[in-house]
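Reading through the structure tokens given below for one structure.
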Ligand code: S3P
């Protein structure tokens, strides 16, 4: 068995999935566990462009997608291995999907059914696409994007079992993500912190 500690290939870790799947909360925990910096794509677009996500959408979705694609390109060009919470629609852009499939990126798809995600997704200022019928929106997005998320993903993590298992589901999901990263040899198990330190 190879010694995982000696052949680790650090990559950017990008969490993809629909709104409400937990990319931001889980991503922050993964970053803490593996000691990398976390970047939330929506927060970073606002910081770098000086415009809110909602304001970008006022110019139309294509304007937002262009800004989002540029941000993803810039983040993935950073020399420091980051943990990135992508916006739910990042995979809509073909160039981003291509970039996510490259060898210096590990993409993790946080998968949930539209029904489950619609029951927990919260309306927020950066989610102008979420109408008063979340189930319809999530179903449409799921139908359009599930294949894209799977196309870019190195690993798919099911979120529902962790929510059903009881307390602290986001930590459980983060721990599973880290285990998958260890299996993929992009994280050295010897450097992973214990969740107890942060909980
Ligand atoms: C979007 C998801 C949002 C945000 C924007 C568009 C989408 O990000 O980027 O409102 O198309 O699914 P989160 O998935 O982080 O909520």
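Determine whether residue 44 is at pLDDT 95 or above, surrounded by fewer than 19 Cβ atoms within 10 Å (Cβ to Cβ), within 14 Å of the ligand (Cβ to nearest atom) and in a helix (DSSP H, G or I). Outline the logic, then answer.
Working: at pLDDT 95 or above: yes; surrounded by fewer than 19 Cβ atoms within 10 Å (Cβ to Cβ): yes; within 14 Å of the ligand (Cβ to nearest atom): yes; in a helix (DSSP H, G or I): yes.
Taking the combined requirement at face value, the residue satisfies it.
Pairs please, first residue from segment 135-148 and under 12 Å from residue 117 (Cβ atoms), second anywhere and more than 13 Å from the ligand (Cβ to nearest atom) and part of a helix (DSSP H, G or I), Cβ atoms under 7 Å, 6+ apart in sequence or on different chains.
135/115
Restrict the check to segment 94-104 and report whether at least one residue is in contact with a helix residue (DSSP H, G or I) (Cβ under 6 Å, 6 or more places away or on another chain), part of a helix (DSSP H, G or I), over 27 Å from residue 180 (Cα atoms) and within 13 Å of the ligand (Cβ to nearest atom).
No, segment 94-104 contains no residue that is in contact with a helix residue (DSSP H, G or I) (Cβ under 6 Å, 6 or more places away or on another chain), part of a helix (DSSP H, G or I), over 27 Å from residue 180 (Cα atoms) and within 13 Å of the ligand (Cβ to nearest atom).
Does residue 107 satisfy the condition of being outside any helix (DSSP H, G or I), under 23 Å from residue 43 (Cα atoms) and at pLDDT below 95? Steps first, answer last, please.
On the way: outside any helix (DSSP H, G or I): yes; under 23 Å from residue 43 (Cα atoms): yes; at pLDDT below 95: no.
So residue 107 fails the test.
Sort out which residues of segment 47-59 are over 14 Å from residue 86 (Cβ atoms) and near the ligand (Cβ under 10 Å from one of its atoms), and write them in order of number.
Taking segment 47-59 and keeping what is over 14 Å from residue 86 (Cβ atoms), we get 47-52, 54-59.
If the condition is that a residue be over 14 Å from residue 86 (Cβ atoms) and near the ligand (Cβ under 10 Å from one of its atoms), then 54, 56, 57 are the ones that fit.
When you scan segment 114-135, how many residues do you find that are in a loop (DSSP other than H, G, I, E, B), more than 10 Å from the ligand (Cβ to nearest atom) and in contact with a helix residue (DSSP H, G or I) (Cβ under 7 Å, 6 or more places away or on another chain)? Before you say what the answer is, go through the steps one by one.
Step one: of segment 114-135, the residues in a loop (DSSP other than H, G, I, E, B) are 121-133.
Filter again for more than 10 Å from the ligand (Cβ to nearest atom), leaving 123, 131-133.
Add one more test, that the residue is in contact with a helix residue (DSSP H, G or I) (Cβ under 7 Å, 6 or more places away or on another chain), and what stays is 131.
Matching residues across segment 114-135 total 1.
Name the single residue, out of those in segment 20-41 being surrounded by fewer than 22 Cβ atoms within 10 Å (Cβ to Cβ) and near the ligand (Cβ under 10 Å from one of its atoms), that is farthest from residue 121 (Cα to Cα).
The selected residue is 40.
The values are calculated or read from the model by the stated rules, or taken from the named source; none is laboratory data. On a predicted model such as this, the values are computed, not experimentally measured, just so you know. Reconstructed Cβ throughout: ideal geometry from the backbone, glycine too, with neighbour counts over all protein chains shown.
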